[in-house]
1. Does the range 94-102 contain any residue that is within 23 Å of A150 (Cβ to Cβ) and either of a type in the set (D, E, K, R) or buried (at least 19 other Cβ atoms within 10 Å of the Cβ) (or both)?
2. Within the range 308-339, take every residue that is crowded, with 20+ Cβ neighbours inside 10 Å and closer than 15 Å to P141 by Cα and give me the one that is nearest to the chain's Cα centre (by Cα).
3. Between residues in the range 316-344 that are farther than 24 Å from Q189 by Cα and residues that are at pLDDT below 95, which pairs lie under 6 Å by C-beta distance while being six or more apart or on different chains?
4. Yes or no: G263 surrounded by 22 or more Cβ atoms within 10 Å (Cβ to Cβ), on the phi < 0 side of the Ramachandran plot, of a type in the set (G, A, S) and not in a helix (DSSP H, G or I)?
5. Starting from the range 276-297, take each residue that is touching a residue at least 60 places away in the same chain (Cβ under 8 Å) and list its partners that are surrounded by 10 or more Cβ atoms within 10 Å (Cβ to Cβ) and hydroxyl-bearing (S, T, Y), counting only C-beta distances under 9 angstrom and pairs at least six apart or across chains.
6. Against the definition (within 27 Å of G53 (Cβ to Cβ), out of contact with any His (no Cβ under 8 Å at 6 or more places or on another chain) and basic (K, R)), how does R208 come out, yes or no?
7. Output the residues belonging to the range 114-170 that are closer than 21 Å to E312 by Cα, in a loop (DSSP other than H, G, I, E, B) and free of Cβ contacts under 8 Å to residues at least 60 places away in the same chain.
8. Quick check: is even one residue across the range 19-31 surrounded by fewer than 21 Cβ atoms within 10 Å (Cβ to Cβ) and under 22 Å from the mean Cα position of the chain (by Cα)?
Amino acid sequence: MRAAVVEALGQPLVVKDVPDPVCPPDGAIIRVGANGICRTDWHLWTGDWAWRGVAINPPFVLGHEFAGVVEEVGAEVRDWRAGDRVVYPMNPGCGHCEWCADGHQHICEHVEQMVPGVSFWGAFGELTAVRHADVNLVRIPESMSFVDAASLGCRYIAAFHAVVDQAKVQGGEWVAVHGCGGMGMAALQVAAALGGQVVAVDTSAKAREKTLELGAVHAIDPHATRPVEAIHELTGGGAQVSIDALGVAETCLNSVLSLRKRGRHIQIGHTTRTEQGYVPLPIDVILLRELQLFGAFGLQAHRYGTLLNLCEHGILQPGKLVSRTVGLDGVTDVLDAMGRFETVGVVAIDLQRSR
(Lines give C-alpha, C1' and ligand atoms only; values in the text may rest on other atoms or scores of the structure.)
Protein backbone atom coordinates (compact mmCIF):
# COMPACT_ATOMS: atom_id res chain seq x y z
CA MET A 1 0.00 0.00 0.00
CA ARG A 2 0.98 3.67 -0.29
CA ALA A 3 1.55 5.57 2.95
CA ALA A 4 3.09 8.79 4.27
CA VAL A 5 5.93 7.56 6.49
CA VAL A 6 7.72 9.39 9.29
CA GLU A 7 11.36 8.45 8.70
CA ALA A 8 12.76 10.94 11.22
CA LEU A 9 11.06 13.08 13.88
CA GLY A 10 10.21 16.57 12.66
CA GLN A 11 11.33 15.81 9.10
CA PRO A 12 9.18 15.65 5.94
CA LEU A 13 7.07 12.51 5.61
CA VAL A 14 7.98 10.26 2.70
CA VAL A 15 5.18 8.85 0.55
CA LYS A 16 6.11 5.36 -0.56
CA ASP A 17 5.01 1.74 -0.82
CA VAL A 18 5.00 -0.16 2.49
CA PRO A 19 3.72 -3.65 3.44
CA ASP A 20 -0.02 -4.04 3.97
CA PRO A 21 -1.04 -4.41 7.63
CA VAL A 22 -1.88 -7.86 8.98
CA CYS A 23 -5.41 -8.40 10.28
CA PRO A 24 -5.57 -9.22 14.03
CA PRO A 25 -7.85 -12.15 14.99
CA ASP A 26 -10.11 -9.79 16.99
CA GLY A 27 -9.79 -6.89 14.60
CA ALA A 28 -10.18 -5.68 11.06
CA ILE A 29 -8.38 -4.06 8.15
CA ILE A 30 -9.91 -0.76 7.09
CA ARG A 31 -9.43 0.75 3.64
CA VAL A 32 -9.09 4.38 4.61
CA GLY A 33 -11.37 6.89 2.89
CA ALA A 34 -10.23 9.97 4.80
CA ASN A 35 -8.07 10.78 7.80
CA GLY A 36 -8.04 14.00 9.79
CA ILE A 37 -4.62 15.45 10.59
CA CYS A 38 -4.88 15.96 14.35
CA ARG A 39 -2.75 17.90 16.80
CA THR A 40 -1.92 14.55 18.40
CA ASP A 41 -0.16 13.70 15.13
CA TRP A 42 1.87 16.89 15.51
CA HIS A 43 2.78 16.01 19.12
CA LEU A 44 4.04 12.60 17.96
CA TRP A 45 5.79 13.84 14.82
CA THR A 46 7.78 16.41 16.82
CA GLY A 47 8.45 14.14 19.81
CA ASP A 48 6.55 16.63 21.99
CA TRP A 49 4.99 13.89 24.16
CA ALA A 50 8.13 11.87 24.86
CA TRP A 51 8.08 13.24 28.42
CA ARG A 52 4.82 11.34 29.06
CA GLY A 53 6.05 8.10 27.50
CA VAL A 54 4.02 8.57 24.32
CA ALA A 55 6.44 8.45 21.41
CA ILE A 56 6.91 6.82 18.03
CA ASN A 57 9.96 5.04 16.67
CA PRO A 58 10.54 5.84 12.98
CA PRO A 59 9.89 4.54 10.46
CA PHE A 60 6.26 5.01 11.48
CA VAL A 61 2.87 5.71 9.93
CA LEU A 62 0.74 8.16 11.91
CA GLY A 63 -3.03 8.60 11.67
CA HIS A 64 -5.77 7.78 14.20
CA GLU A 65 -8.72 9.95 13.09
CA PHE A 66 -10.16 8.11 10.10
CA ALA A 67 -13.20 6.70 8.35
CA GLY A 68 -13.32 4.04 5.68
CA VAL A 69 -14.54 0.64 4.53
CA VAL A 70 -13.92 -2.73 6.16
CA GLU A 71 -11.58 -4.68 3.89
CA GLU A 72 -11.10 -7.80 6.01
CA VAL A 73 -12.13 -9.08 9.45
CA GLY A 74 -10.38 -11.44 11.84
CA ALA A 75 -11.58 -14.95 12.67
CA GLU A 76 -12.96 -13.84 16.05
CA VAL A 77 -15.06 -10.94 14.70
CA ARG A 78 -18.83 -11.54 14.64
CA ASP A 79 -20.55 -8.25 13.87
CA TRP A 80 -18.71 -6.82 10.85
CA ARG A 81 -18.24 -7.75 7.20
CA ALA A 82 -16.16 -6.55 4.28
CA GLY A 83 -17.82 -3.50 2.71
CA ASP A 84 -19.17 -1.97 5.95
CA ARG A 85 -18.61 1.79 6.16
CA VAL A 86 -17.11 2.59 9.55
CA VAL A 87 -15.34 4.96 11.88
CA TYR A 88 -13.11 3.89 14.77
CA PRO A 89 -12.73 5.86 18.04
CA MET A 90 -9.13 6.83 18.68
CA ASN A 91 -9.32 5.64 22.29
CA PRO A 92 -10.78 2.14 21.91
CA GLY A 93 -11.71 -0.36 24.59
CA CYS A 94 -10.72 -3.98 25.10
CA GLY A 95 -14.21 -4.89 26.30
CA HIS A 96 -12.98 -6.78 29.38
CA CYS A 97 -11.32 -4.46 31.93
CA GLU A 98 -13.25 -2.86 34.81
CA TRP A 99 -13.78 0.38 32.89
CA CYS A 100 -15.08 -1.36 29.77
CA ALA A 101 -17.34 -3.56 31.90
CA ASP A 102 -18.79 -0.38 33.40
CA GLY A 103 -19.52 1.07 29.95
CA HIS A 104 -16.52 3.42 29.81
CA GLN A 105 -14.53 1.86 26.99
CA HIS A 106 -13.02 5.27 26.14
CA ILE A 107 -10.86 5.11 29.29
CA CYS A 108 -9.97 1.42 28.90
CA GLU A 109 -7.13 0.13 31.06
CA HIS A 110 -5.32 -1.09 27.94
CA VAL A 111 -5.95 1.79 25.51
CA GLU A 112 -2.24 2.51 25.04
CA GLN A 113 -1.87 -0.88 23.28
CA MET A 114 -4.66 -0.38 20.76
CA VAL A 115 -4.53 3.04 19.09
CA PRO A 116 -3.68 3.04 15.36
CA GLY A 117 -1.11 5.70 14.58
CA VAL A 118 0.08 5.75 18.20
CA SER A 119 0.48 2.17 19.43
CA PHE A 120 1.20 0.77 15.95
CA TRP A 121 1.18 1.94 12.34
CA GLY A 122 -1.90 3.99 11.56
CA ALA A 123 -4.03 5.46 8.83
CA PHE A 124 -1.83 7.92 6.91
CA GLY A 125 -2.01 5.30 4.21
CA GLU A 126 -4.43 3.27 2.15
CA LEU A 127 -5.02 0.55 4.78
CA THR A 128 -4.88 0.35 8.56
CA ALA A 129 -5.48 -2.33 11.18
CA VAL A 130 -7.76 -1.97 14.22
CA ARG A 131 -8.17 -4.10 17.35
CA HIS A 132 -11.31 -5.36 19.15
CA ALA A 133 -13.55 -4.61 16.18
CA ASP A 134 -16.79 -5.83 17.77
CA VAL A 135 -16.31 -3.52 20.75
CA ASN A 136 -15.22 -0.41 18.89
CA LEU A 137 -16.22 -0.12 15.23
CA VAL A 138 -19.10 2.24 14.49
CA ARG A 139 -21.21 2.16 11.32
CA ILE A 140 -21.59 5.51 9.58
CA PRO A 141 -24.58 6.53 7.45
CA GLU A 142 -24.43 6.19 3.67
CA SER A 143 -25.28 9.89 3.49
CA MET A 144 -22.05 10.88 5.27
CA SER A 145 -18.87 11.24 3.24
CA PHE A 146 -15.60 9.87 4.59
CA VAL A 147 -14.14 13.38 4.70
CA ASP A 148 -17.09 14.60 6.79
CA ALA A 149 -16.83 11.55 9.05
CA ALA A 150 -13.06 11.64 9.61
CA SER A 151 -13.16 13.85 12.73
CA LEU A 152 -15.66 11.44 14.31
CA GLY A 153 -12.64 9.29 15.11
CA CYS A 154 -11.13 11.81 17.53
CA ARG A 155 -11.73 15.55 17.83
CA TYR A 156 -15.46 15.71 17.23
CA ILE A 157 -16.28 12.85 19.58
CA ALA A 158 -14.07 14.27 22.33
CA ALA A 159 -15.89 17.59 21.98
CA PHE A 160 -19.30 15.89 21.97
CA HIS A 161 -18.48 13.95 25.14
CA ALA A 162 -17.15 17.12 26.76
CA VAL A 163 -20.21 19.24 25.99
CA VAL A 164 -23.01 16.68 26.28
CA ASP A 165 -21.85 14.15 28.87
CA GLN A 166 -19.47 16.10 31.09
CA ALA A 167 -20.61 19.74 30.93
CA LYS A 168 -24.27 18.86 30.30
CA VAL A 169 -24.77 22.19 28.53
CA GLN A 170 -28.33 23.50 28.73
CA GLY A 171 -30.12 25.87 26.38
CA GLY A 172 -29.39 29.51 27.16
CA GLU A 173 -26.18 28.84 29.09
CA TRP A 174 -23.05 30.79 28.28
CA VAL A 175 -20.22 28.59 27.02
CA ALA A 176 -16.68 29.89 26.55
CA VAL A 177 -14.29 27.94 24.30
CA HIS A 178 -10.60 28.74 24.67
CA GLY A 179 -8.54 27.58 21.69
CA CYS A 180 -10.55 27.08 18.52
CA GLY A 181 -8.69 24.51 16.51
CA GLY A 182 -10.55 21.47 15.21
CA MET A 183 -11.61 20.25 18.66
CA GLY A 184 -12.53 23.69 19.94
CA MET A 185 -14.64 24.36 16.85
CA ALA A 186 -16.35 21.00 17.30
CA ALA A 187 -17.13 21.88 20.92
CA LEU A 188 -18.64 25.22 20.00
CA GLN A 189 -20.75 23.69 17.21
CA VAL A 190 -22.14 21.07 19.60
CA ALA A 191 -22.74 23.64 22.35
CA ALA A 192 -24.51 25.99 19.94
CA ALA A 193 -26.69 23.12 18.69
CA LEU A 194 -27.79 22.52 22.29
CA GLY A 195 -28.82 26.15 22.62
CA GLY A 196 -25.67 27.41 24.32
CA GLN A 197 -24.48 30.97 23.77
CA VAL A 198 -20.89 30.44 22.75
CA VAL A 199 -18.00 32.86 23.19
CA ALA A 200 -14.97 31.75 21.17
CA VAL A 201 -11.42 32.77 22.12
CA ASP A 202 -8.56 32.38 19.64
CA THR A 203 -5.54 34.31 18.44
CA SER A 204 -6.20 33.56 14.75
CA ALA A 205 -8.43 35.97 12.83
CA LYS A 206 -9.35 33.19 10.38
CA ALA A 207 -10.29 30.88 13.23
CA ARG A 208 -12.41 33.57 14.89
CA GLU A 209 -14.23 34.23 11.62
CA LYS A 210 -14.91 30.50 11.25
CA THR A 211 -16.28 30.22 14.79
CA LEU A 212 -18.93 32.82 14.00
CA GLU A 213 -19.97 30.77 10.96
CA LEU A 214 -20.27 27.69 13.19
CA GLY A 215 -22.56 29.31 15.74
CA ALA A 216 -20.48 31.39 18.17
CA VAL A 217 -22.19 34.64 19.19
CA HIS A 218 -18.93 36.40 20.05
CA ALA A 219 -15.29 35.85 19.09
CA ILE A 220 -12.48 37.31 21.21
CA ASP A 221 -8.87 37.98 20.24
CA PRO A 222 -6.86 37.39 23.45
CA HIS A 223 -4.04 39.54 22.04
CA ALA A 224 -6.36 42.53 21.70
CA THR A 225 -8.36 42.25 24.92
CA ARG A 226 -8.23 40.38 28.20
CA PRO A 227 -10.47 37.37 27.58
CA VAL A 228 -11.45 36.75 31.22
CA GLU A 229 -12.68 40.31 31.74
CA ALA A 230 -14.35 40.35 28.31
CA ILE A 231 -16.22 37.10 28.99
CA HIS A 232 -17.42 38.30 32.40
CA GLU A 233 -18.69 41.51 30.83
CA LEU A 234 -20.37 39.81 27.87
CA THR A 235 -22.07 37.17 30.01
CA GLY A 236 -23.02 39.36 32.95
CA GLY A 237 -20.84 37.60 35.49
CA GLY A 238 -19.08 34.71 33.77
CA ALA A 239 -19.86 31.64 31.71
CA GLN A 240 -21.69 28.63 33.11
CA VAL A 241 -19.35 26.37 31.13
CA SER A 242 -15.81 27.04 29.97
CA ILE A 243 -13.71 24.69 27.84
CA ASP A 244 -9.95 24.58 27.40
CA ALA A 245 -9.53 22.98 24.00
CA LEU A 246 -5.82 23.77 23.63
CA GLY A 247 -4.09 22.65 26.82
CA VAL A 248 -1.51 25.36 27.48
CA ALA A 249 -1.21 27.11 30.84
CA GLU A 250 -2.76 30.36 29.61
CA THR A 251 -5.91 28.83 28.12
CA CYS A 252 -6.47 26.53 31.09
CA LEU A 253 -6.17 29.36 33.61
CA ASN A 254 -8.32 31.70 31.53
CA SER A 255 -10.98 29.00 31.20
CA VAL A 256 -11.27 28.54 34.96
CA LEU A 257 -11.28 32.28 35.65
CA SER A 258 -13.97 32.84 32.96
CA LEU A 259 -16.56 30.98 35.02
CA ARG A 260 -19.30 32.39 37.18
CA LYS A 261 -20.08 30.80 40.54
CA ARG A 262 -20.93 27.07 40.30
CA GLY A 263 -19.51 27.01 36.77
CA ARG A 264 -18.04 23.95 35.03
CA HIS A 265 -14.56 23.87 33.53
CA ILE A 266 -13.95 21.13 30.95
CA GLN A 267 -10.44 20.09 29.94
CA ILE A 268 -10.15 18.55 26.47
CA GLY A 269 -6.83 20.04 25.35
CA HIS A 270 -3.68 18.03 26.13
CA THR A 271 -0.62 19.81 27.50
CA THR A 272 2.73 20.07 25.72
CA ARG A 273 6.31 19.46 26.82
CA THR A 274 6.27 23.00 28.23
CA GLU A 275 3.61 22.18 30.84
CA GLN A 276 4.39 18.43 31.08
CA GLY A 277 0.93 17.75 32.45
CA TYR A 278 0.88 20.34 35.22
CA VAL A 279 -0.79 23.76 35.15
CA PRO A 280 -1.08 26.07 38.20
CA LEU A 281 -4.72 26.81 39.02
CA PRO A 282 -6.40 29.39 41.32
CA ILE A 283 -7.47 27.05 44.10
CA ASP A 284 -9.09 29.75 46.24
CA VAL A 285 -11.21 30.88 43.30
CA ILE A 286 -12.25 27.27 42.65
CA LEU A 287 -13.13 26.87 46.34
CA LEU A 288 -14.98 30.14 46.86
CA ARG A 289 -16.95 29.99 43.60
CA GLU A 290 -17.62 26.25 44.03
CA LEU A 291 -16.37 25.55 40.55
CA GLN A 292 -16.41 22.04 39.06
CA LEU A 293 -13.55 20.67 36.96
CA PHE A 294 -14.03 17.84 34.46
CA GLY A 295 -11.83 15.99 32.03
CA ALA A 296 -13.17 14.60 28.76
CA PHE A 297 -11.36 11.99 26.67
CA GLY A 298 -12.98 10.59 23.53
CA LEU A 299 -16.26 8.69 23.33
CA GLN A 300 -17.19 5.05 23.67
CA ALA A 301 -18.57 3.34 20.55
CA HIS A 302 -22.00 2.63 22.06
CA ARG A 303 -22.53 6.40 22.60
CA TYR A 304 -22.23 7.29 18.91
CA GLY A 305 -25.93 6.67 18.21
CA THR A 306 -27.14 10.06 19.47
CA LEU A 307 -24.29 11.88 17.74
CA LEU A 308 -24.91 10.22 14.38
CA ASN A 309 -28.67 10.78 14.66
CA LEU A 310 -28.04 14.50 15.15
CA CYS A 311 -25.71 14.45 12.14
CA GLU A 312 -28.27 12.71 9.94
CA HIS A 313 -30.84 15.37 10.83
CA GLY A 314 -28.41 18.20 10.07
CA ILE A 315 -28.36 19.46 13.66
CA LEU A 316 -24.66 18.67 13.90
CA GLN A 317 -22.51 19.14 10.80
CA PRO A 318 -18.93 17.93 11.35
CA GLY A 319 -18.20 18.43 7.67
CA LYS A 320 -18.41 22.19 8.19
CA LEU A 321 -15.25 22.00 10.29
CA VAL A 322 -13.23 20.75 7.31
CA SER A 323 -11.40 23.74 5.88
CA ARG A 324 -9.58 21.80 3.14
CA THR A 325 -8.32 18.40 2.07
CA VAL A 326 -4.88 17.24 0.98
CA GLY A 327 -3.33 14.11 -0.48
CA LEU A 328 -0.68 12.04 1.27
CA ASP A 329 1.97 14.30 -0.21
CA GLY A 330 0.44 17.32 1.57
CA VAL A 331 0.69 16.04 5.13
CA THR A 332 4.06 17.57 6.02
CA ASP A 333 2.95 21.09 5.11
CA VAL A 334 -0.12 20.71 7.33
CA LEU A 335 1.93 19.48 10.29
CA ASP A 336 4.36 22.39 9.83
CA ALA A 337 1.47 24.86 9.76
CA MET A 338 -0.11 23.21 12.81
CA GLY A 339 3.03 23.91 14.81
CA ARG A 340 2.56 27.61 14.03
CA PHE A 341 -1.20 27.46 14.79
CA GLU A 342 -1.92 28.35 11.16
CA THR A 343 -4.42 25.60 10.32
CA VAL A 344 -8.15 26.32 10.51
CA GLY A 345 -10.61 23.72 11.74
CA VAL A 346 -10.01 20.22 10.41
CA VAL A 347 -7.64 19.48 7.53
CA ALA A 348 -8.25 15.97 6.22
CA ILE A 349 -6.32 13.62 4.00
CA ASP A 350 -8.65 12.53 1.20
CA LEU A 351 -7.31 9.09 0.30
CA GLN A 352 -9.46 8.95 -2.83
CA ARG A 353 -7.54 12.02 -3.96
CA SER A 354 -4.25 10.23 -3.22
CA ARG A 355 -5.05 7.12 -5.29
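The values are calculated or read from the model by the stated rules, or taken from the named source; none is laboratory data. Bear in mind the structure is a predicted one, so any value in this text is a computation, not a measurement. Positions of Cβ are backbone-derived with ideal geometry, glycine not excepted, and every protein chain shown enters the neighbour counts.
1. Filtering the range 94-102 down to residues within 23 Å of A150 (Cβ to Cβ) leaves none.
Checked the range 94-102: no residue is within 23 Å of A150 (Cβ to Cβ) and either of a type in the set (D, E, K, R) or buried (at least 19 other Cβ atoms within 10 Å of the Cβ) (or both).
2. Applying the filter and picking the extreme gives P318.
3. Final answer for the pair search is G327/R353; G327/S354; L328/S354.
4. On the way: surrounded by 22 or more Cβ atoms within 10 Å (Cβ to Cβ): yes; on the phi < 0 side of the Ramachandran plot: yes; of a type in the set (G, A, S): yes; not in a helix (DSSP H, G or I): yes.
So G263 passes the test.
5. Final answer for the pair search is G277/T271.
6. Working: within 27 Å of G53 (Cβ to Cβ): no; out of contact with any His (no Cβ under 8 Å at 6 or more places or on another chain): yes; basic (K, R): yes.
The answer is no for R208.
7. E142
8. First, pick out the residues of the range 19-31 that are surrounded by fewer than 21 Cβ atoms within 10 Å (Cβ to Cβ): 19-20, 22-26, 31.
Subset that is under 22 Å from the mean Cα position of the chain (by Cα): 31.
There is at least one residue in the range 19-31 that is surrounded by fewer than 21 Cβ atoms within 10 Å (Cβ to Cβ) and under 22 Å from the mean Cα position of the chain (by Cα).
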